[in-house]
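All remarks here apply to the structure that follows.
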Amino acid sequence: MRFALLGNPNVGKSLIFNQLTGLGVEVSNYPGTTVELHRGATCVDREKVEIVDLPGLYSIDGDQEEEALARRILTAGDLDGAILVLNATNLERNLYLLLQVAETGIPLVVVVNMMDEAETAGLTLDLPALSGILGVEVLGTAAVSGRNTGQIIPVARARARPATVTVPYDTDIEAAIRTLGKELGAPRLAAIWALDGIGTDPVVGEAAGDLAKEIEGSHRMSVHQILALNRYTLAKEIAGMVVGKASARPGIDLDRLLSREIPGIPILAGLLLGMLLVVFTVGSFLETIIVGLFQQYLIDPIPSLGLPPLAEEIVVSVMVGLQAGFGIALPYILLFFLLLSLLEDSGYMTRAAFLADRAMHRGGMHGGAIIPLVMAFGCNVPALLAARNLGTKRERTIAAFLITLVPCSARTVIIAGMVAAFVGIPAALSIYGMVLLIISATGILLSRVTPGKQVGMILEVAPLRRPKADLVLAKSSHRVMDFLRLALPLLVVGSVVLGILDYYGILAAFEDFLAPLFVGILGLPSYAVTALLFGILRKEMAIGTLAVLAGTADLSAVMTELQIYIFAVMSVLFVPCISTMAVLSRENGWKIALLITVFTVLLGIGIGAMINLAFT
Amino acid sequence: MEHVACEDLLEAVLVLTRKGSPPTGGDLAAFLHRDEVTVTAQLGELAASGKLEMEPGGTVTLLPPGQAIAARVADRHRILECFLAERLGMERQAASGEACHLEHQVSEETIRRLSEFLDGDGECSVPDWRRARDTGEAGPRTLAEYPEGTVLRVAAIRHFSRERRLEDIGLLPGESLTLKRRLSNGSVVVEVKGSEIALSRGVAACILVEEQA
Ligand SMILES: Nc1nc2c(ncn2[C@@H]2O[C@H](COP(=O)(O)OP(=O)(O)OP(=O)(O)O)[C@@H](O)[C@H]2O)c(=O)[nH]1
Ligand SMILES: [Mg+2]
């Protein structure tokens, strides 16, 4: 059997999905976390039940991509039912979507989630009454504590059925539906969709277009507006019958601080800066400990083993690679993801989007773009996916450029592990300042030259919540495991390959070839070029490779401060990593991917050379 | 016949046809506040030059050449009216009246630039069926003119490229909303149907509101 999870954005669909399937898809407190279909399965009574998690929707009759996708899925006929997740604290708006989905005639189970929050807010919900009105089973859940979520699949399997509720539309609309039915044999749903301009049958569509024009002329409203009004009238009526009056909500209103220019913007800047500082200081503290332990117990004893030279070279390379992975990368990445998860789960991101909206318009996007841009600090790949939420191709293109410029956690490793550790924290922060300038300038430039229309932001503000420790830990450990799974093997294999190339003198030949550029213009040691190239595989490999080539993780022994700084700036700017490029060309086309690559190479070399010139 | 009168007449045929069924000479005269005899004579002239056709029942339909002229004028009218009302803050009906004069003189370049200007940022334009000439509403105001905390009623949503999203989250004519936050740069947060929605300045400018009685 197969069921789809459907509902407004940010109602907890993905959290429920994770609990039902045991998978770990992204759960965050802002609308638009899920951007792709996720499939998972669970076994109930020896039967496999497949569950599909969809991006959140406000409606299924809009013109957005995810809305069209939902329509296709709902009408394709390969679902045994839909699990409609509603937010208990906001029933009316959620019922609007439900009424549309009910129209498709698909078997339904209704899950009223966030019951815990409704209770805190003093709302009482008469779920049996709701069930009676809709004609389907209704379950009250609180997915954060797992309350009642275990019931969902058994109930869906046994008792999902089409809802009996129908929206009474305006008499002119009903007449048009009848006309289309009588003259062209269009079923009710097809007629409604055709009038709404989203039908699939061209013949019905044409007839409906004429009827719609007539209706719009006499009502002075678009058909979609009339339909929406009718649906909302019913939704309001149902909510009125189900929801008991709320007692006034006590507590302090943090938004008095967060969503005003003052002190909201200083708080925003302080938060981001604070995050970086925590990562730098705590991270370097952990780094020193781990790197020291590796050195003392695993690397220093190697020569005393008396291995043959090639084997010794390889063993040392592997150990130094691991040292770089565990010692340098892990502490920073772990910290970064922890802080980012906290920020995402608190609901703060939508406030940041609101505050940044005007500034983002200068860069050709709107406030919503702040969410992928902040995510990009963690990793560019999910950020590029999240950029799908931006309405237009123009915004997605601009966002793609800017996202790839944002120093992800792997690049933060380089900045923190090299610059903050060996040159100083102000120098490390100056790289962020520089990147910020470059991003702003690029945004302003791109907004001038990118074709297409500018659109505005319509973003639901997520409720502020205290992040749940277990969810934050689960999410960050998930991301860290991803890192270990993907990056460690690469680091180890890369180190071995390096060790061998180095042993046979191939590296030296290659480096000599590029030496004029790197040594002459950039003032870097010749092996740095190899490190930069390995950095394309994964950014933190640049530092690992450098350590292997220099023969030590203590880079201050082999490079000057200026060299360290230039190397870091270059690897931060230079070409996004392979996974980013792959996602870029999938999401935005290979042309954009190529353009971004060329742009970043030129940018990296240009800025690196400028710094070198300025300081020598 | 002078070209202003000709363009006006063709435009009127288009507007009335879109509103319902093809108009008669009488309908057109009433719409344009002109004398029916003159209008009938002008219609004859236009029919002779192949711009429209007089049907046996007394109704008028546009032929392709006339349709093209009418559509162009209607488009200019729409853009000018949008600019005057929504950018310069003129009262709707006055803006529409003014647009009636300007639409005949304005150059292609001006119209093109105006249109780009409106599209680029304000995202508004007025669909034909909502033209103020027919509704004569005394323009309600935008969100930007009220202080935080005011409870307002949505009077109308101007045409906006992602209008459906606004409607789907409940921003519909007649709905009441609370203005929760208004930044000096024009971004707003409104509470509607129990949730808070952040809107860009351009989007907020498309929502016309009036104070809740
Ligand atoms: N208090 C409370 N919070 C919940 C509950 N269910 C989910 N959440 C939180 O709500 C937020 C949104 O959850 P998600 O599962 O990402 O929501 P979604 O519906 O998948 O959202 P989109 O993917 O954006 O459509 C997360 O921060 C969850 O921790 C609940 O029952 N009670
Ligand atoms: Mg989700």
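The values are calculated or read from the model by the stated rules, or taken from the named source; none is laboratory data. From a predicted model like this one, the values you see are computed outputs, not experimental measurements. Counting neighbours? That spans all protein chains shown, and the Cβs are built from the backbone with ideal geometry, glycine included.
Here's the yes/no breakdown for (1) under 29 Å from A:Arg466 (Cβ atoms); (2) more than 16 Å from ligand 2 (Cβ to nearest atom):
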{"position": "A:Pro107", "(1), (2)": "no, yes"}
{"position": "A:Ala121", "(1), (2)": "yes, yes"}
{"position": "A:Gly135", "(1), (2)": "no, yes"}
{"position": "A:Ala143", "(1), (2)": "yes, no"}
{"position": "A:Gly146", "(1), (2)": "yes, yes"}
{"position": "A:Val155", "(1), (2)": "no, yes"}
{"position": "A:Arg161", "(1), (2)": "no, yes"}
{"position": "A:Thr164", "(1), (2)": "no, yes"}
{"position": "A:Ala175", "(1), (2)": "no, yes"}
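All conditions in (1) within 14 Å of chain B (Cβ to nearest Cβ); (2) under 19 Å from the mean Cα position of the chain (by Cα); (3) more than 9 Å from ligand 2 (Cβ to nearest atom); (4) in a loop (DSSP other than H, G, I, E, B) hold for A:Asn10, with the sole exception of (3).
Counted as qualifying within segment A:368-454 are the helices (runs of 4 or more DSSP H) with 3 or more residues that are farther than 22 Å from A:Ala353 by Cα, namely A:409-414, A:425-449.
The residue list A:Asn18, A:Asn29 contains one member that is within 8 Å of ligand 1 (Cβ to nearest atom) and within 14 Å of chain B (Cβ to nearest Cβ), which is A:Asn29. Considering segment B:175-198 alone, what residues qualify as being in contact with a Leu (Cβ under 8 Å, 6 or more places away or on another chain), within 7 Å of another protein chain (Cβ to nearest Cβ) and in a strand (DSSP E or B)? B:Val189, B:Ile197, B:Ala198 - these are the residues of segment B:175-198 that are in contact with a Leu (Cβ under 8 Å, 6 or more places away or on another chain), within 7 Å of another protein chain (Cβ to nearest Cβ) and in a strand (DSSP E or B). Inspect segment A:160-168 for any residue being within 16 Å of ligand 1 (Cβ to nearest atom) and outside the structural domain of A:Gly217 (by TED's automatic domain parsing) and give the result as yes or no. No, every residue in segment A:160-168 fails to be within 16 Å of ligand 1 (Cβ to nearest atom) and outside the structural domain of A:Gly217 (by TED's automatic domain parsing). Would you confirm whether or not segment A:34-43 contains a residue that is away from ligand 1 (no atom under 13 Å from the Cβ), among the basic types (Lys, Arg), out of contact with any helix residue (DSSP H, G or I) (no Cβ under 6 Å at 6 or more places or on another chain) and not in a strand (DSSP E or B)? No, there is no match, as no residue in segment A:34-43 is away from ligand 1 (no atom under 13 Å from the Cβ), among the basic types (Lys, Arg), out of contact with any helix residue (DSSP H, G or I) (no Cβ under 6 Å at 6 or more places or on another chain) and not in a strand (DSSP E or B).
Kindly establish whether A:Ala212 is away from chain B (no Cβ under 14 Å) and touching a residue at least 12 places away in the same chain (Cβ under 8 Å).
It is false that A:Ala212 is away from chain B (no Cβ under 14 Å) and touching a residue at least 12 places away in the same chain (Cβ under 8 Å).
In segment A:48-59, is there at least one residue being in contact (Cβ under 8 Å) with a residue 60 or more places away in the chain, within 10 Å of ligand 1 (Cβ to nearest atom) and more than 14 Å from chain B (Cβ to nearest Cβ)? No, because not a single residue in segment A:48-59 is in contact (Cβ under 8 Å) with a residue 60 or more places away in the chain, within 10 Å of ligand 1 (Cβ to nearest atom) and more than 14 Å from chain B (Cβ to nearest Cβ).
Those helices (runs of 4 or more DSSP H) of segment A:109-162 in which at least 3 residues are modelled with pLDDT of 95 or more, small (Gly, Ala, Ser) and surrounded by fewer than 19 Cβ atoms within 10 Å (Cβ to Cβ), considering only elements entirely within it, cover A:127-134. Of all residues being in contact with a strand residue (DSSP E or B) (Cβ under 6 Å, 6 or more places away or on another chain), farther than 30 Å from A:Gly77 by Cα and not aliphatic (A, V, I, L, M) in segment A:100-129, which is nearest to ligand 1 (Cβ to nearest atom)? Just the residue, please. The selected residue is A:Asp116. Within segment A:67-95, the set of residues being within 24 Å of the chain's Cα centre (by Cα), more than 9 Å from chain B (Cβ to nearest Cβ) and surrounded by 22 or more Cβ atoms within 10 Å (Cβ to Cβ) comprises A:Ala70, A:Ile83, A:Leu84, A:Val85, A:Leu86, A:Asn94. When restricted to residues that are modelled with pLDDT of 90 or more and of a type in the set (Phe, Trp, Tyr), segment A:409-451 contains 1. Taking the conditions exactly as written (touching a helix residue (DSSP H, G or I) at 6+ places or on another chain (Cβ under 8 Å) and either assigned to a loop (DSSP other than H, G, I, E, B) or among the polar types (S, T, N, Q) (or both)), does A:Arg466 satisfy them or not? So A:Arg466 fits the description; yes.
Scanning segment A:13-30 for residues that are in contact with a helix residue (DSSP H, G or I) (Cβ under 8 Å, 6 or more places away or on another chain), within 14 Å of A:Asp345 (Cβ to Cβ) and either in a helix (DSSP H, G or I) or more than 9 Å from ligand 2 (Cβ to nearest atom) (or both) turns up A:Leu15, A:Asn29, A:Tyr30.
Conditions tested, residue by residue: (1) under 26 Å from A:Arg220 (Cβ atoms); (2) in the same structural domain as B:Arg158 (by TED's automatic domain parsing); (3) within 23 Å of the chain's Cα centre (by Cα); (4) in a helix (DSSP H, G or I).
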| position | (1), (2), (3), (4) |
| --- | --- |
| B:Leu28 | yes, no, yes, yes |
| B:Ala47 | no, no, no, yes |
| B:Glu53 | no, no, no, no |
| B:Cys82 | yes, no, yes, yes |
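Among the residues of segment A:130-159, none is identified as closer than 21 Å to A:Gly105 by Cβ, within 16 Å of ligand 1 (Cβ to nearest atom) and of a type in the set (D, E, K, R). Exactly one residue out of A:Arg358, A:Arg351 is under 20 Å from the mean Cα position of the chain (by Cα), assigned to a helix (DSSP H, G or I) and within 11 Å of chain B (Cβ to nearest Cβ), and it is A:Arg351. Does A:Leu23 meet the test of being within 13 Å of ligand 1 (Cβ to nearest atom), aliphatic (A, V, I, L, M) and free of Cβ contacts under 8 Å to residues at least 24 places away in the same chain? Against the criterion (within 13 Å of ligand 1 (Cβ to nearest atom), aliphatic (A, V, I, L, M) and free of Cβ contacts under 8 Å to residues at least 24 places away in the same chain), A:Leu23 qualifies. Restricting to segment B:162-174, what's the tally of residues that are more than 7 Å from every other protein chain (Cβ to nearest Cβ) and buried (at least 20 other Cβ atoms within 10 Å of the Cβ)? Qualifying residue count, segment B:162-174: 2. Among the residues of segment B:199-213, those identified as at the interface with chain A (Cβ under 7 Å from one of its Cβ atoms) and not in a helix (DSSP H, G or I) are B:Leu199, B:Ser200.
A:Ala4: more than 30 Å from A:Gln225 (Cα to Cα), more than 14 Å from every other protein chain (Cβ to nearest Cβ), more than 10 Å from ligand 1 (Cβ to nearest atom) and of a type in the set (Gly, Ala, Ser), yes or no? Answer is no for this residue.
Scanning segment A:457-484 for residues that are within 30 Å of A:Arg362 (Cβ to Cβ) and near ligand 1 (Cβ under 10 Å from one of its atoms) yields A:Glu460, A:Ala462, A:Pro463.
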